[in-house]
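Scroll down for the structure; my scribbles are underneath it.
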Amino acid sequence: MRVLVLGGDGYLGWPTALYLSQAGHDVAVADNFVRRQYDFELGADSLVPIESLQTRVEAWRQVTGKTIDMFIGDLCDADFTYQMIKDFAPDAVVHFAEQRAAPYSMIDRKHAVYTQVNNVVGTLNLLYAIKEINPDIHLVKLGTMGEYGTPNIDIEEGWLDLEYKGRTDRVLYPKRPGSFYHLSKVHDSHNMEFACRIWGLRATDLNQGVVYGQQTAETALDDRLATRFDYDAVFGTVLNRFVIQAVLGHPLTVYGSGGQTRGIIDIRDTVRCIELACENPAEPGEFRVFNQMTESMSVLQIAQTVAEAFPGAATIDHLDNPRVEKEEHYYKVTHTALVELGLEPHLLSDTLISSLFDIAKRYGDRANLDVMRPGVDWRGAGGGR
Ligand SMILES: O=c1ccn([C@@H]2O[C@H](COP(=O)(O)OP(=O)(O)O[C@H]3O[C@H](CS(=O)(=O)O)[C@@H](O)[C@H](O)[C@H]3O)[C@@H](O)[C@H]2O)c(=O)[nH]1
């Protein structure tokens with residue numbers, strides 16, 4: 001297949017591009033490098049050094065003999081988006097190219113507006129480009145488990161069979177997300193469902209949980225192929241942060257009681273899920289949703305698992321929760337669709353955590369503790385101007 005990976009310079013986009021290329025697909029990546037720009041803005045950086053996209057692609061060619069095409073540009077630029085879809089003529093488009101940090105979207109009005117315009121407009125341009133150039137292209141879009149929030153009923157895979165006053169219907173699962181970022185993904189899901197319904201497009205929305213891990217078989221082939229490993233309070237995700245905190249001798253920063261429960265997934269399963277979605281496309285007109293997570297854990301359980309696996313002393317600090325989220329709640333998720341397609345999950349094991357400790361130790365002297373503590377307060381909202 002010809003697969004175009006949008007956001008192909010990012011934490012997950014880059015390992016996905018390598019995985020698909022290694023599996024024999026013709027792969028291109030697109031990126032506008034804004035993820036690197038957020039680091040400059042925040043004074044943060046990946047713990048593991050990453051090469052430029054050009055160097056990465058060249059290293060991949062040297063190591064495997066396989067080529068990856070590059071498109072440099074922004075999905076919000078419709079001319080760029082249309083030209084790229086025409087030039088590469090993909091069978092599937094994998095779309096990671098969004099601002100993906102909840103705290104970033106909650107800094108202030110400007111960052112909330114930026115996140116929603118960037119994410120919603122970029123995806124809308126892409127939907128139009130697919131419709132006008134080749135409506136048969138399968139859109140595989142990264143959504144998030146956070147779209148659902150923490151409802152007091154079971155979470156289904158995107159759709160809910162409803163019985164109300166004696167009548168039945170199948171409706172999009174009701175959403176109650178916890179940040180303006182997560183809301184941007186809800187807006188995307190609605191736009192995609194509409195595009196499938198009116199134009200007959202085919203789309204898969206992958207509602208992914210919190211990803212952990214830093215290496216895949218492909219990124220481990222050469223240091224120049226490494227992907228990001230973020231630990232700052234804005235872009236670092238919880239398990240990766242706890243691993244790096246343990247190695248640096250920093251207390252593990254559990255927000256509030258830590259009873260908040262999330263779906264989690266190993267980075268090696270992320271790339272496999274994308275391949276499964278691409279190789280088993282949605283039908284024309286179908287808006288298909290998969291819950292891309294392999295197990296659920298509370299934040300406190302994650303902290304305890306990391307602390308127990310760490311070969312040394314690791315302490316847990318309960319900080320005042322900077323977010324507005326339930327810390328005690330029901331959480332039961334259906335996530336069988338990807339397993340039915342062939343996913344064999346890597347569940348969180350000490351083996352993976354110890355390899356993550358090794359990576360964190362190797363690059364620990366690059367850490368900047370100034371960006372570790374959370375500085376974005378959901379209630380403060382950062383002012384309106
Ligand atoms: O030091 C920390 C960091 C986080 N948390 C807690 O851990 C949970 C997860 O936070 P996170 O920063 O790891 O993840 P989140 O903000 O939800 O966003 C991340 O995970 C999402 C999947 S999900 O969480 O919505 O399922 C993706 O969509 C996002 O792109 C990705 O950045 C939250 O309850 C948060 O309060 C802590 O207790 N301590």
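The values are calculated or read from the model by the stated rules, or taken from the named source; none is laboratory data. Keep in mind that this is a model prediction, so the values were computed, not measured. Using ideal geometry, Cβ is built from the backbone for each residue, glycine included, and neighbour counts are taken over all protein chains shown. Just so you know, the surface numbers come from the protein's heavy atoms only, side chains and all, with ligands and any DNA or RNA stripped out. Shrake-Rupley method; radii C 1.70, N 1.55, O 1.52, S 1.80 Å.
First obtain the Kirkwood hydrodynamic radius of the stretch 237-385 from its Cα pairs, then insert it into the Stokes-Einstein equation at 4 °C and 1.567 mPa s, and state the resulting D in µm² per second as a whole number.
It comes out at roughly 74 µm²/s.
For the chain, give the percent of accessible area contributed by carbon and sulfur heavy atoms, probe 1.4 Å, rounded to a whole number.
Solvent-exposed carbon and sulfur of the chain make up 50 percent of the total.
I'd like the distance separating the alpha-carbon centroids of the stretch 293-328 and the stretch 1-47, in whole Å.
The stretch 293-328 and the stretch 1-47 have Cα centres spaced 28 Å from each other.
Between the DSSP loop rule and a limit of at most 14 other Cβ atoms within 10 Å, which trypsin sites (Lys or Arg not before Pro) in the stretch 94-184 are left?
Hits after loop and neighbour filter: 165.
Among the helices of the chain (complete DSSP H runs), which have Cα atoms covering no less than 30 Å along the helix axis and a Kyte-Doolittle mean of at least 0.0?
109-133
Calculate, for the stretch 2-376, the solvent-accessible area per residue in square angstrom, rolling a 1.4 angstrom probe over the heavy atoms of the protein chains.
I get 40 Å² per residue for this part.
Stokes-Einstein at 4 °C, 1.567 mPa s, Kirkwood radius from Cα pairs: D for the stretch 211-267 in µm² s⁻¹?
Numbers: Rh = 12.8 Å.
The Stokes-Einstein estimate is 102 µm²/s.
Amide H neighbours of residue 236 under 5 Å, counting only residues 5+ apart in sequence or on other chains, H built in-plane at 1.01 Å?
231
One quarter of the convex hull surface, Cα atoms only: what value does that give for the chain in nm²?
With the hull built on Cα positions only, its mean projection is 18.6 nm².
How much accessible area does residue 354 have with a 1.4 Å probe, in Å² rounded to the nearest 10?
Ignoring ligands and nucleic acids, residue 354 comes out at about 50 Å².
Once you place label points 7 Å from the Cα toward the Cβ at residue 347 and residue 37, how far apart are they in nm?
4.3
Calculate the dipole size of the chain relative to its Cα centre from +1 charges on Lys and Arg beta carbons and -1 charges on Asp and Glu beta carbons; express the result in debye to the nearest 20.
Using Cβ point charges on Lys, Arg, Asp and Glu, the chain gives about 640 debye.
Over the stretch 260-346, consider all pairs of different Cα atoms and compute the Kirkwood hydrodynamic radius from their mean reciprocal separation; express it in Å, one decimal.
In the stretch 260-346 this quantity evaluates to 15.6 Å.
Considering amide H positions built from the backbone, and no H for Pro or chain starts, which residues 5 or more places from residue 143, or on another chain, come under 5 Å of its amide H?
206, 207, 208
So what is log10(I(q)/I(0)) for the stretch 1-143 at q = 0.13, 0.15, 0.20, 0.22 1/Å, when the Debye sum runs over its Cα atoms only?
-0.57, -0.76, -1.25, -1.42
What accessible surface, in Å², does a 1.4 Å probe find on residue 221, ignoring ligands, DNA and RNA and rounding to the nearest 10?
Surface accessible to solvent at residue 221 totals approximately 90 Å².
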